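The values are calculated or read from the model by the stated rules, or taken from the named source; none is laboratory data. Note that the coordinates shown come from a computational prediction; the quantities given were computed from them, not determined experimentally. Note that we place each Cβ from the backbone using ideal geometry, even for glycine, and neighbour counts take in every protein chain shown.
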Amino acid sequence: MRVVVLGGAGAMGGVFGSLLARAGHDVTLVDVWAEAVDAINAGGLRLRESSGAEETIRVRAVTRAEDTGPADLIVVFVKCYDTETAVRAIAPLMNDDTLVLSLQNGWGNGSRIGAIVGEDRVLVGVTYHSATVLGPGCVQHTGRGPTLIGELNGTASERAVHLAANLTTAGLEASATSEVVKEIWSKLALNATVLPVAALLGFRAGRLIEHEGTQDLMRALLRETVSVANKQGTPLDYDERWQAITSLLQRAAAAKPSMLQDVERRRRTEVEVINGAVVAAGQRMRVPTPNNQAMVWLLQSLQETF
């Protein structure tokens with residue numbers, strides 16, 4: 001496949017792009033971070049595993065989408081607030097068969113992309129891989145997990161099955177699902193529960209479950225998210241989600257959640273499409289979400305100091 005990864009010099013874009021390139025696909029990474037693009041073109045992308053093993057993978061990188069050429073697959077990993085700009089830049093280079101896959105955090109990215117390129121071109125999903133940027137052209141793959149993809153209309157189409165097979169062959173365990181909306185909201189519940197608390201307190205994953213206060217706050221955030229999801233017809237189970245979240249935090253105790261990384265780098269966070277998405281859905285469903293609203297207000301205030 002000819003693959004373009006938007007946000008390709010970032011953590012998750014670097015992992016997916018480099019592993020697809022290693023598997024033999026023709027990959028181009030697109031990123032506005034010129035220093036990282038130059039480093040990747042000069043010496044390859046350095047991918048470090050959690051074990052400490054490191055591999056350098058040769059892959060092309062550019063700063064302008066117009067320098068990529070046509071692609072069979074465009075994978076979107078840019079921050080949510082850059083989605084429309086990035087997709088509009090690449091849209092003129094799409095051919096009749098190009099697919100666009102969003103594995104971004106939060107809720108609503110798929111519909112925004114579909115409004116630009118047509119919903120018939122869009123696949124959406126979630127990934128439970130985790131990664132962090134160590135420096136320009138160097139990414140640490142901190143955790144592995146499944147990737148689940150499907151159509152915007154909720155089906156596990158033949159093209160979703162085919163793409164999942166290609167990702168799996170590249171070392172990115174993936175499967176197509178007819179419950180992609182539920183999977184996205186399951187991941188949203190994780191992110192809305194964990195990320196703002198870690199970002200505001202400066203806590204790594206494991207510390208979040210060491211304190212009664214943080215556990216109480218995370219439980220409150222999760223209850224609101226589950227209530228909103230259930231009211232809109234997306235079945236989530238509170239006990240299952242809480243067990244999955246705490247188990248993940250225990251396994252990845254030393255990991256630094258992505259929103260905390262954003263705050264430490266004084267970058268805008270994605271709180272608007274994470275906790276903000278819960279608040280917006282709660283308003284539509286008339287479900288109170290005061291704790292999620294507080295997270296949005298606090299993170300927005302913190303960002304004003306950057």
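Each residue in the stretch 225-273 was checked for being among the charged types (D, E, K, R) and either crowded, with 20+ Cβ neighbours inside 10 Å or part of a loop (DSSP other than H, G, I, E, B) (or both), and 9 pass.
Would you check if A89 is surrounded by 17 or more Cβ atoms within 10 Å (Cβ to Cβ) and touching a residue at least 24 places away in the same chain (Cβ under 8 Å)? No: the conditions fail for A89.
Residues in the stretch 137-156 that are at pLDDT 95 or above and of a type in the set (G, A, S): G137, G150. What about R121, is it out of contact with any helix residue (DSSP H, G or I) (no Cβ under 8 Å at 6 or more places or on another chain), crowded, with 18+ Cβ neighbours inside 10 Å and touching a residue at least 12 places away in the same chain (Cβ under 8 Å)? Spelling it out, it is not the case that R121 is out of contact with any helix residue (DSSP H, G or I) (no Cβ under 8 Å at 6 or more places or on another chain), crowded, with 18+ Cβ neighbours inside 10 Å and touching a residue at least 12 places away in the same chain (Cβ under 8 Å).
If you check V126, V133, V139, V100 for being free of Cβ contacts under 8 Å to residues at least 40 places away in the same chain and buried (at least 18 other Cβ atoms within 10 Å of the Cβ), only one passes: V100. Taken over the stretch 1-46, residues that are surrounded by 18 or more Cβ atoms within 10 Å (Cβ to Cβ), closer than 23 Å to K79 by Cβ and not aromatic (F, W, Y) amount to 29.
If A164 satisfies all but one of (1) within 30 Å of G233 (Cα to Cα); (2) more than 18 Å from the chain's Cα centre (by Cα); (3) surrounded by 15 or more Cβ atoms within 10 Å (Cβ to Cβ); (4) of a type in the set (G, A, S), what's the number of the condition it fails? Going through (1) within 30 Å of G233 (Cα to Cα); (2) more than 18 Å from the chain's Cα centre (by Cα); (3) surrounded by 15 or more Cβ atoms within 10 Å (Cβ to Cβ); (4) of a type in the set (G, A, S) one by one, A164 breaks only (2).
Annotation note: of T132, T68, the sole residue that is at pLDDT below 90, closer than 29 Å to E54 by Cβ and either of a type outside the set (F, W, Y) or out of contact with any Leu (no Cβ under 6 Å at 6 or more places or on another chain) (or both) is T132.
Exactly one residue among T168, T269, T155 is among the polar types (S, T, N, Q) and more than 26 Å from G14 (Cα to Cα), and that residue is T155.
Taking the criterion of being crowded, with 17+ Cβ neighbours inside 10 Å and under 26 Å from G143 (Cα atoms), the residues of the stretch 47-78 that qualify are L47, R48, I57, V59, R60, A61, L73, I74, V75, V76, F77, V78.
Can you find even one residue in the stretch 265-286 that is touching a residue at least 24 places away in the same chain (Cβ under 8 Å), closer than 18 Å to C80 by Cα, out of contact with any strand residue (DSSP E or B) (no Cβ under 9 Å at 6 or more places or on another chain) and among the polar types (S, T, N, Q)? Yes, the stretch 265-286 has at least one match.
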